[in-house]
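Asker: The structure under discussion is supplied below as structure tokens; questions concerning it will follow.
The values are calculated or read from the model by the stated rules, or taken from the named source; none is laboratory data. Quantities reported herein were computed from a predicted structural model and do not represent experimental measurements. Neighbour counts are summed over all protein chains in view; Cβ atoms, including those assigned to glycine, are modelled from backbone coordinates with ideal geometry.
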Amino acid sequence: MTTGERAGSRERTAAVMHSTAEQLEEVEATLHRSAEAAPEETARQRLHSVADQVTTRAKAIEARSRRLSDEED
């Protein structure tokens with residue numbers, strides 16, 4: 001694999017990772033809305049907790065995406 005091919009591969013990977021992080025943020029928002037609509041406090045807390053975990057994962061993926069993009073510069 002040439003240097004250009006590696007850079008292109010990193011660029012595509014970073015783009016997919018960025019897209020995944022954005023999708024996870026949408027899931028996180030949906031989970032928080034569901035939590036607010038849940039009739040039981042235990043369910044609300046659980047859904048908020050899962051949403052927070054999704055946010056943490058999305059931020060980690062986005063950070064890795066930025067690092068890959070930075071390697072291309």
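Asker: Hey, can you tell me all the residues within segment 29-60 that are more than 9 Å from the chain's Cα centre (by Cα) and within 30 Å of S9 (Cα to Cα)?
Answerer: Across segment 29-60, the qualifying residue is only Q53.
Asker: Here's a follow-up. Could you go through segment 19-38 and let me know if any residue there is over 22 Å from R66 (Cβ atoms) and not in a helix (DSSP H, G or I).
Answerer: The answer is yes, given that some residue of segment 19-38 is over 22 Å from R66 (Cβ atoms) and not in a helix (DSSP H, G or I).
Asker: From the list S49, S69, which one is at negative phi and at pLDDT below 95?
Answerer: Testing whether each residue is at negative phi and at pLDDT below 95 leaves just S69.
Asker: For the structure I just gave you, tell me whether A14 is more than 20 Å from the chain's Cα centre (by Cα), assigned to a helix (DSSP H, G or I) and either surrounded by 12 or more Cβ atoms within 10 Å (Cβ to Cβ) or modelled with pLDDT under 95 (or both).
Answerer: no
Asker: Does A63 count as part of a helix (DSSP H, G or I), over 18 Å from the mean Cα position of the chain (by Cα) and free of Cβ contacts under 8 Å to residues at least 40 places away in the same chain?
Answerer: No.
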